[in-house]
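Working notes for the structure below.
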Amino acid sequence: MKSHYAKVPYVLAQMLSRAAEAEALRIGKPMAIAIVDAEGGPQLFTRMDGTLPVSSELAISKAYTAAILRMPSAEVGKLAQPGAALYGIESTHAGRIVLFGGGLPLYLNGEVSGAIGVSGGSVDEDVSVAKPAVQLLMEMECCANELQDLLPRITVKPLTMGHVIDGVSKALQRAEPPLSEDRILALVGGICLALS
């Protein structure tokens, strides 16, 4: 059974943001991280200590660009060159369109369900920090698709989903043999998607 999600639930947006933050810590670059819904509306924003002031608005705008145009912000930049199909688009949408990397769409059911935007390093660093969140959501959806038939047909209210996630996380952390943190996140996210 395929998952039925049209958007990334807030509790999963938090996990995706933490995955991006972990990569930023790994490369030693403080970053601003924004997650938006499929229409570019803000869902979650974090800024690590030491992030450049300009990065906050850039992260939000990169996510917005990727969401509303349904493509990575770097691809928008290629299409916005003189003579290309989207030339001049950066002057629309109150200047919120960004033409360089760091904004990536988030997919569920093959559809854009939101986007992540990252800013604080070089363009390549920003993209590398956003990618783990995209990968994690794909793994969560795969887990959800496998788990849906095994889990009871109940709907968990968004406000109580945090309690479910905490309980499942604690149980999985005690698994033998031990599971990696990445695997635990994918399973917990998959359970969240399957139950919602």
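Fewest neighbouring Cβ atoms within 10 Å first, the residues TYR87, TYR64, TYR107 line up as TYR87, TYR107, TYR64.
Cross-chain or 8 or more residues apart, Cα under 23 Å: how many lysine pairs in the stretch 10-195 fit that? Count them up, please. Please report the intermediate quantities before stating the final value.
On the way: LYS29/LYS62; LYS29/LYS131; LYS62/LYS78; LYS62/LYS131; LYS78/LYS131; LYS157/LYS170.
The number of close lysine pairs in the stretch 10-195 is 6.
Calculated from the alpha-carbon coordinates, the chain shows an Rg and a Dmax of 17.2, 58 Å respectively. The Cβ shell under 15 Å around GLY88 holds other residues with a net charge of +1, Lys and Arg each +1, Asp and Glu each -1.
Using DSSP H assignments, which helices in the chain have an axial alpha-carbon span of 30 Å or above and a mean Kyte-Doolittle hydropathy of -0.5 or higher?
Values: long enough: 123-147 (36 Å, 0.32).
Both cut-offs are met by 123-147.
Within the shell of other residues whose beta carbon sits under 12 angstrom from the beta carbon of LEU185, the net charge comes to -1, with Lys and Arg scored +1 and Asp and Glu -1.
The modelled label-to-label distance between ALA175 and SER91, using points 7 Å beyond Cα along the C-beta direction, is 5.4 nm.
According to the Cα-based calculation, Rg over Rh for the stretch 15-70 is 0.98, with Rh computed by the Kirkwood formula. Spatially, the stretch 163-195 and the stretch 70-145 are offset by 28 Å when compared through their Cα centroids.
Could you compute the net charge surrounding THR51? Neighbours are other residues with a C-beta less than 15 Å from the C-beta of THR51; K and R count +1, D and E count -1. Present the calculation step by step, with values, prior to reporting the outcome.
On the way: positive: LYS29, ARG47, LYS62; negative: GLU21, GLU23, ASP49, GLU57, GLU125, ASP126.
With Lys, Arg at +1 and Asp, Glu at -1, the net is -3.
Computed from the coordinates by the stated procedures, all read-outs in this text should not be read as laboratory data. Treat the numbers as computed from the prediction; the structure is a model and nothing was measured. Ideal geometry is used to build each Cβ from the backbone, glycine not excepted, and the neighbour counts take in all protein chains shown.
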